[in-house]
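*Asks:* Attaching a single structure in structure tokens format; questions to follow.
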Amino acid sequence: MPIVKVYPRTEVHFDEILTRLDHQCFPSDEIYQAGPQDHHWWIAFDEKRAVAFAGMRVDKNNRAFFCRAGVIKSHRGLGLHLALIRRRLSCCRRLGLDQAYTYTLFNNLASSKNLVRCGFHLSNYSTDRRLLWWTKQLT
Ligand SMILES: CC(C)(COP(=O)(O)OP(=O)(O)OC[C@H]1O[C@@H](n2cnc3c(N)ncnc32)[C@H](O)[C@@H]1OP(=O)(O)O)[C@@H](O)C(=O)NCCC(=O)NCCS
């Protein structure tokens, strides 16, 4: 399935798609707030239908924070999340970043599996142990 890079997020059409996907994939969360210029976003399309998305923000320490990724229910289990991690890592390398990092909920096995597959290491957990932090060294 084609994955389209959307950066910056200024075009209203893409902004609407990302907001809708965020709501579909994280129905009980607040919509992720991102400025139009400081994040990179990707959207996967099945024909004309937007079915998955992912984002990352480059911080001032030359590291990428993988902020959000989601796949709509009908398209889970097809490897889209894995593809979106790989796309973001390629972008990190092109930008010459030193490290990528992210977090998952402790029970999100699909995400954890994909992060490990892409070379991320478990680096920390939150004090309540609900969040796992993952990092991958790029340089
Ligand atoms: C988590 C999520 C992104 C995974 O997307 P996906 O495209 O379905 O993931 P993949 O197809 O790459 O599957 C990854 C692996 O996890 C496995 N998997 C999927 N759901 C699983 C589950 N509930 N329990 C255990 N393993 C699971 C898959 O079988 C696959 O493993 P395999 O390749 O060895 O068969 C998707 O389920 C989602 O959007 N969930 C809601 C939002 C969310 O949690 N986002 C991630 C925040 S970190």
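The values are calculated or read from the model by the stated rules, or taken from the named source; none is laboratory data. This structure is a prediction, so every number in the text was calculated from the model and none was measured. Heads up, the Cβs are rebuilt from the backbone with ideal geometry, glycines too, and the neighbour counts pull from every protein chain shown.
*Asks:* Whether any residue in segment 79-87 is within 23 Å of Trp133 (Cβ to Cβ), among the hydrophobic types (A, V, I, L, M, F, W, C), in contact with a helix residue (DSSP H, G or I) (Cβ under 9 Å, 6 or more places away or on another chain) and assigned to a loop (DSSP other than H, G, I, E, B) is what I want to check.
*Replies:* No, every residue in segment 79-87 fails to be within 23 Å of Trp133 (Cβ to Cβ), among the hydrophobic types (A, V, I, L, M, F, W, C), in contact with a helix residue (DSSP H, G or I) (Cβ under 9 Å, 6 or more places away or on another chain) and assigned to a loop (DSSP other than H, G, I, E, B).
*Asks:* Still on this structure, I have one more. Would you be able to tell me the number of residues in segment 1-21 that are at pLDDT below 80 and either loosely packed, with under 13 Cβ neighbours inside 10 Å or out of contact with any strand residue (DSSP E or B) (no Cβ under 7 Å at 6 or more places or on another chain) (or both)?
*Replies:* 4
*Asks:* When both residues are 6+ apart or on different chains and their Cβ atoms are under 8 Å apart, which pairs have a first residue that lies in segment 72-83 and is under 10 Å from Asn114 (Cβ atoms), and a second that is surrounded by fewer than 16 Cβ atoms within 10 Å (Cβ to Cβ) and at pLDDT 95 or above?
*Replies:* His81/Ala110; Leu82/Arg117; Leu82/Cys118
*Asks:* Quick one: in segment 22-61, which of the residues that are of a type in the set (Val, Ile, Thr) and under 23 Å from Tyr103 (Cβ atoms) is surrounded by the fewest Cβ atoms within 10 Å (Cβ to Cβ)?
*Replies:* Ile31
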